[in-house]
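The values are calculated or read from the model by the stated rules, or taken from the named source; none is laboratory data. Being a predicted model, the structure only gives us computed values, none of them experimental. Note that we place each Cβ from the backbone using ideal geometry, even for glycine, and neighbour counts take in every protein chain shown. Just the protein is used for accessible areas: all its heavy atoms, side chains included, with ligands, DNA and RNA removed. Shrake-Rupley method; radii C 1.70, N 1.55, O 1.52, S 1.80 Å.
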Amino acid sequence: MTDTHESPPGSSLPEIISKPAHRALAGAGIVNLEQLTTITEAELLKLHGMGPKGIRILRQALADKGLDFAK
């Protein structure tokens with residue numbers, strides 16, 4: 001059984017984040033990396049299903065595009 005989840009159509013989120021992390025982001029209305037620039041890491045960690053590993057993956061994905069979480 002795999003712990004990854006396919007991103008919804010139109011999503012630019014990394015597919016390697018866990019299913020709970022994908023559900024947490026979808027529940028918050030976040031479907032692309034650019035939306036993450038308006039939220040802090042601390043705010044993301046408050047979402048049920050989002051953990052440190054998901055934050056690391058998202059941080060790297062943002063950095064790869066020259067982006068970062070809100071400060």
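May I ask you to order 44-50, 13-19, 62-68 by the average number of other C-beta atoms within 10 Å around their residues, highest value first?
Per-residue Cβ counts within 10 Å, averaged per peptide and sorted highest first, yield 13-19, 44-50, 62-68.
Sorted by average packing, counted as other Cβ atoms within 10 angstrom per residue and highest first, what order do 26-34, 51-59 take?
51-59, 26-34
Determine ³J(HN,Hα), in whole Hz, for all residues of the range 18-35 in sequence, where each value follows from phi through the Karplus function 6.51 cos²θ - 1.76 cosθ + 1.60 and θ = phi - 60°; x replaces Gly and Pro.
So the Karplus estimates, Gly and Pro as x, are 5, 4, x, 5, 4, 5, 4, 5, 4, x, 8, x, 9, 10, 9, 4, 4, 5 Hz.
For the range 23-66, what % of the accessible area comes from carbon and sulfur atoms, probe 1.4 Å?
Answer for the range 23-66 is 54 percent, counting heavy atoms of protein chains only.
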